[in-house]
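For reference, the structure is listed below as structure tokens.
The values are calculated or read from the model by the stated rules, or taken from the named source; none is laboratory data. As the structure is a prediction and not an experimental result, all values here were calculated from the model. Here Cβ is always computed from backbone atoms with ideal geometry, including for glycine, and neighbour counts include all displayed protein chains.
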Amino acid sequence: MPLLSVRQVSRFFGGLAALTEVSLDVRKGEILGLIGPNGAGKTTLFNVINGFYAPSRGDVFFKEKRISHLKPNKICAMGIARTFQVVKPLRRMTVLDNVVASAFLRAKNKSEATEKAFEILRFSGLYDDRDILSKGLPLGKRKRLEIARALATGPEMLLLDESFAGLNPTELNESIAVIKKIKDRGITMMVIEHHMKVIMSISDRIVVLNYGEKIAEGTPAEVGNNPLVITAYLGVAENAAN
């Protein structure tokens, strides 16, 4: 059975269909890439999965339990954590305290939360920055702090929303290394990313959205050669051979 199942999910905002009958499965332990042009509905889908939006139609199941009616805090407690396009750390708190705050989801006391935070900071390469105010971090480390905060909740699944956007080549390589280490821990991931070389290199499978509809699904190679995907990104299918 899949870890996460999205079943015929639609989401409307007034007369606008942001998602239309989207279905997909995420298998335990894999990285599922989610791509599509701007406005395709990718972040809206994340918002439905983590409970920020209720679906207008359809359902979401996690470990075979329906979660479509639950609030984000309940879904996080079940084991789904996420990051956001625009990182928003607790700017006046240190890197350590940001991660401690997230660790309290499962920790029984401050000592346990701090111990968990130290472990996550070492894992994500942020331990040496633990006493720095988060607002003083460069973008690459703020993005990693966002991932560290999500990891501190003890998730079985991570939803990563453009965690590589705006990074320089060195920061990209550091973040990719962290993602691969997360996978080695057995944590399942869905990843939204516009950086095609990155998403193609880390994903086991890829789902493509366009105008709120799923237009393709498959391995990176299959998706990269799909005429519908090429048309969605470039506007003309003839570019498929280039």
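Quick notes on this one:
- Condition met for residue 20 (touching a strand residue (DSSP E or B) at 6+ places or on another chain (Cβ under 9 Å), of a type in the set (Val, Ile, Thr), part of a strand (DSSP E or B) and buried (at least 17 other Cβ atoms within 10 Å of the Cβ)): yes
- Looking only at the stretch 53-68, and only at residues there that are in a loop (DSSP other than H, G, I, E, B) and in contact with a helix residue (DSSP H, G or I) (Cβ under 6 Å, 6 or more places away or on another chain), the one that is nearest to residue 167 (Cα to Cα): 53
- Scanning the stretch 111-140 for residues that are of a type in the set (D, E, K, R) and surrounded by fewer than 16 Cβ atoms within 10 Å (Cβ to Cβ) yields 112, 115, 119, 122, 128, 131, 135.
- Count - residues of the stretch 76-120 that are touching a helix residue (DSSP H, G or I) at 6+ places or on another chain (Cβ under 8 Å) and more than 14 Å from residue 149 (Cα to Cα): 4
- So residue 34, is it touching a Lys or Arg at 6+ places or on another chain (Cβ under 9 Å), in a strand (DSSP E or B) and surrounded by 14 or more Cβ atoms within 10 Å (Cβ to Cβ): yes
- Identity of the residue in the stretch 69-85, part of a loop (DSSP other than H, G, I, E, B) and in contact (Cβ under 8 Å) with a residue 24 or more places away in the chain, that ends up surrounded by the fewest Cβ atoms within 10 Å (Cβ to Cβ): 85
- Subset of the stretch 194-242 that is of a type outside the set (S, T, N, Q), on the phi < 0 side of the Ramachandran plot and part of a loop (DSSP other than H, G, I, E, B) - its residue that is modelled with the highest pLDDT: 204
- Flag if residue 166 is of a type outside the set (A, V, I, L, M), more than 25 Å from residue 217 (Cβ to Cβ) and assigned to a loop (DSSP other than H, G, I, E, B): yes
- Restricting 143, 108, 88, 183 to residues that are of a type outside the set (A, V, I, L, M, F, W, C), at pLDDT below 95 and either buried (at least 21 other Cβ atoms within 10 Å of the Cβ) or under 14 Å from the mean Cα position of the chain (by Cα) (or both) narrows the list to 143.
- Taking the criterion of being surrounded by fewer than 18 Cβ atoms within 10 Å (Cβ to Cβ) and touching a residue at least 40 places away in the same chain (Cβ under 8 Å), the residues of the stretch 186-199 that qualify are 186, 194, 196.
- The set of residues from the stretch 152-180 being buried (at least 20 other Cβ atoms within 10 Å of the Cβ), small (Gly, Ala, Ser) and either on the phi > 0 side of the Ramachandran plot or at pLDDT below 95 (or both) comprises 163, 175.
- Of all residues in the stretch 146-165, those that are under 13 Å from the mean Cα position of the chain (by Cα) and small (Gly, Ala, Ser) total 4.
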